[in-house]
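Asker: The structure under discussion is supplied below as structure tokens; questions concerning it will follow.
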Amino acid sequence: MTVHDPILAAAQKARAAIPDDSAMLRAAAELTRDHSVANPRIYWPDLMASALIGWSALAGAILVQDVAVAIACAFVAMLALYRAASFIHELTHIRKGALPGFRFAWNLIVGVPLMIPSFLYEGVHTQHHARTRYGTAEDPEYLPLALMKPWSLPLFIIVASLAPVGLILRFGVLTPLSLLIPPLRRKLVAELSALSINPAYRRRPPEGDFARMWRWQEAGASLFALALAASVFAFGWKPLLVYMGVHSAMTVINQLRTLVAHLWENEGEPMTVTAQYLDSVNVPPPGYLPALWAPVGLRYHALHHLLPSVPYHALGQAHARLIATLAADSPYHKGNYKGMMPLVGKIARSTMTAR
């Protein structure tokens with residue numbers, strides 16, 4: 001993406017070159033030392049309750065005959081399964097051995113039946129947090145969306161709405177075929193095995209223990225995709241269509257959250273940690289809606305970029321401590337926003353300017 005407005009280009013370079021604020025970084029590290037441990041008494045009940053409510057509500061949406069009740073069930077299913085699915089982000093940051101069995105359980109009850117097994121994200125998301133990669137062409141989760149054409153934003157959402165179709169094709173068709181066609185397998189691993197938004201990103205083949213984990217997760221998702229397609233012959237179209245509708249809505253909400261997780265204003269220059277923070281977004285209380293569309297700590301996305309190892313349940317208290325401690329002119333306060341729609345509007349206006 002090339003920016004033709006010299007003033008805008010100069011502003012972007014200045015933003016990328018923002019020096020690190022040592023007071024903010026030091027306070028973030030010192031004030032959160034006692035919040036670095038994942039609490040299994042929070043993780044397990046949250047995951048299990050979200051999954052139980054989500055799958056039960058989905059069953060209700062399929063089985064209930066009353067249209068209004070079925071729609072209400074589908075809405076609850078979407079929110080609950082979205083929250084359960086969001087734990088995939090935590091899986092990439094949880095220290096080894098911190099939550100025994102959690103990764104397996106998440107994949108079994110959420111990842112495989114939603115066809116988003118954790119191998120699609122693990123080993124990918126951590127590259128987004130690498131200081132030298134963030135916002136560059138090597139970042140799998142970054143595009144200069146605010147600097148692209150206006151039509152790129154609706155396209156970004158439309159692609160997400162087609163996710164269940166793409167996942168069924170990826171796991172139900174391409175996975176079995178790739179076992180018979182080695183060139184297809186190499187392409188599948190490199191280009192269609194990552195939850196990324198950068199179309200230029202290419203993934204390396206897995207190795208060791210991760211390769212073994214990848215295999216069973218992919219096999220499970222493949223069997224589920226085939227069973228889902230075959231269910232039409234046994235139960236008709238309704239279960240499949242309801243599942244796909246809930247899945248699509250869930251993915252669109254996540255894509256909207258992704259759209260406002262950053263300002264997306266970097267054009268590929270390496271950025272300091274403070275610059276990365278200012279290009280990211282917190283949507284803290286008192287608003288309640290962000291708890292629904294940015295669950296499991298995702299409403300503190302900018303803070304997460306400062307402290308990626310802090311578990312989701314501790315981010316709220318960490319944020320409150322930093323707000324109370326840091327001076328009014330600290331860059332930390334500039335990363336906090338009120339809600340989704342003002343941010344969407346900001347990015348949309350930026351696409352108009354970038355032309």
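Asker: May I ask you to verify whether residue 108 is within 30 Å of residue 344 (Cβ to Cβ) and of a type in the set (A, V, I, L, M, F, W, C)?
Answerer: no
Asker: Yes or no: segment 291-299 includes at least one residue that is open to solvent by 30 Å² or more (accessible area, probe 1.4 Å), of a type in the set (A, V, I, L, M) and under 22 Å from residue 46 (Cα atoms).
Answerer: Scanning segment 291-299, I find at least one residue that is open to solvent by 30 Å² or more (accessible area, probe 1.4 Å), of a type in the set (A, V, I, L, M) and under 22 Å from residue 46 (Cα atoms), so the answer is yes.
Asker: Something else about it: For segment 143-183, how many residues are assigned to a loop (DSSP other than H, G, I, E, B), within 18 Å of the chain's Cα centre (by Cα) and at pLDDT 95 or above?
Answerer: 1
Asker: From the list 98, 74, which residue is within 19 Å of residue 165 (Cα to Cα), open to solvent by 20 Å² or more (accessible area, probe 1.4 Å) and touching a residue at least 12 places away in the same chain (Cβ under 8 Å)?
Answerer: Sole residue among the options that is within 19 Å of residue 165 (Cα to Cα), open to solvent by 20 Å² or more (accessible area, probe 1.4 Å) and touching a residue at least 12 places away in the same chain (Cβ under 8 Å): 74.
Asker: So, one more: Only one residue in 211, 275 is under 29 Å from residue 24 (Cβ atoms) and in a helix (DSSP H, G or I), so which one is that?
Answerer: Within the list 211, 275, the selection yields 275.
Asker: Quick one: which residue in 53, 94 is within 30 Å of residue 205 (Cβ to Cβ) and either of a type in the set (Val, Ile, Thr) or out of contact with any Phe, Trp or Tyr (no Cβ under 9 Å at 6 or more places or on another chain) (or both)?
Answerer: It is 94.
Asker: Moving on to the next point. Which of the residues that make up segment 58-69 are open to solvent by less than 20 Å² (accessible area, probe 1.4 Å) and in contact (Cβ under 8 Å) with a residue 24 or more places away in the chain?
Answerer: Initial filter on segment 58-69 (open to solvent by less than 20 Å² (accessible area, probe 1.4 Å)): 58, 60-61.
58, 61 - these are the residues of segment 58-69 that are open to solvent by less than 20 Å² (accessible area, probe 1.4 Å) and in contact (Cβ under 8 Å) with a residue 24 or more places away in the chain.
Asker: Something else now. For segment 71-88, which residues satisfy the criterion of being out of contact with any helix residue (DSSP H, G or I) (no Cβ under 7 Å at 6 or more places or on another chain) and part of a helix (DSSP H, G or I)?
Answerer: Within segment 71-88, 71, 72, 75 meet the criteria.
Asker: While we're on this one: With the condition being not hydrophobic (A, V, I, L, M, F, W, C), I'd like the helices (runs of 4 or more DSSP H) fully within segment 281-355 carrying at least 3 qualifying residues.
Answerer: Result: 301-306, 315-325, 340-354.
Asker: Is it fair to say residue 283 is β-branched (Val, Ile, Thr), at pLDDT 95 or above and out of contact with any Lys or Arg (no Cβ under 9 Å at 6 or more places or on another chain)?
Answerer: no
Asker: Further question: Do you know which residues across segment 242-285 are open to solvent by less than 10 Å² (accessible area, probe 1.4 Å), aromatic (Phe, Trp, Tyr) and under 30 Å from residue 110 (Cα atoms)?
Answerer: Residue satisfying the conditions is 264 alone.
Residue-wise test of (1) in contact with a strand residue (DSSP E or B) (Cβ under 9 Å, 6 or more places away or on another chain); (2) modelled with pLDDT of 95 or more; (3) closer than 16 Å to residue 251 by Cβ; (4) of a type in the set (A, V, I, L, M, F, W, C).
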residue	(1), (2), (3), (4)
64	no, yes, no, yes
67	no, yes, no, yes
80	no, yes, yes, yes
84	no, yes, yes, yes
89	no, yes, yes, no
102	no, yes, no, yes
105	no, yes, no, yes
111	no, yes, yes, no
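Condition check ((1) modelled with pLDDT of 85 or more; (2) touching a Gly at 6+ places or on another chain (Cβ under 8 Å)) across all residues:
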site: 2; (1), (2): no, no
site: 10; (1), (2): no, no
site: 16; (1), (2): no, yes
site: 27; (1), (2): yes, no
site: 30; (1), (2): yes, no
site: 42; (1), (2): yes, no
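Asker: Residue 40 - would you say it is over 27 Å from residue 135 (Cα atoms) and surrounded by fewer than 13 Cβ atoms within 10 Å (Cβ to Cβ)?
Answerer: It is false that residue 40 is over 27 Å from residue 135 (Cα atoms) and surrounded by fewer than 13 Cβ atoms within 10 Å (Cβ to Cβ).
Asker: Checking residue 190 against (1) within 30 Å of residue 50 (Cα to Cα); (2) among the small types (Gly, Ala, Ser); (3) surrounded by fewer than 20 Cβ atoms within 10 Å (Cβ to Cβ): exactly one of these is not met. Which one?
Answerer: Unmet condition: (1).
For every residue, the table says whether it meets (1) farther than 30 Å from residue 231 by Cα; (2) open to solvent by less than 40 Å² (accessible area, probe 1.4 Å).
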residue	(1), (2)
104	no, no
118	no, yes
133	yes, no
142	yes, yes
153	yes, yes
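Asker: When you go through (1) under 21 Å from the mean Cα position of the chain (by Cα); (2) open to solvent by 10 Å² or more (accessible area, probe 1.4 Å); (3) not β-branched (Val, Ile, Thr) one by one for residue 321, which number turns out not to apply?
Answerer: (1) is the only condition that residue 321 fails.
Asker: Let me ask you something else. Just to be sure before I move on: is residue 159 surrounded by 14 or more Cβ atoms within 10 Å (Cβ to Cβ) and among the β-branched types (Val, Ile, Thr) in the structure I sent?
Answerer: In short, yes.
Asker: Restricting to segment 208-241, give me the number of residues that are within 25 Å of the chain's Cα centre (by Cα) and either open to solvent by 30 Å² or more (accessible area, probe 1.4 Å) or closer than 19 Å to residue 174 by Cα (or both).
Answerer: Total meeting the criteria: 19.
The values are calculated or read from the model by the stated rules, or taken from the named source; none is laboratory data. The structure presented is a predicted model; accordingly, all values stated were derived computationally and were not measured. FYI the Cβ positions are ideal-geometry reconstructions off the backbone, even for glycines, and counts take in every protein chain you see. Keep in mind that these areas ignore ligands, DNA and RNA; they rest on the heavy atoms of the full protein, side chains included. Shrake-Rupley method; radii C 1.70, N 1.55, O 1.52, S 1.80 Å.
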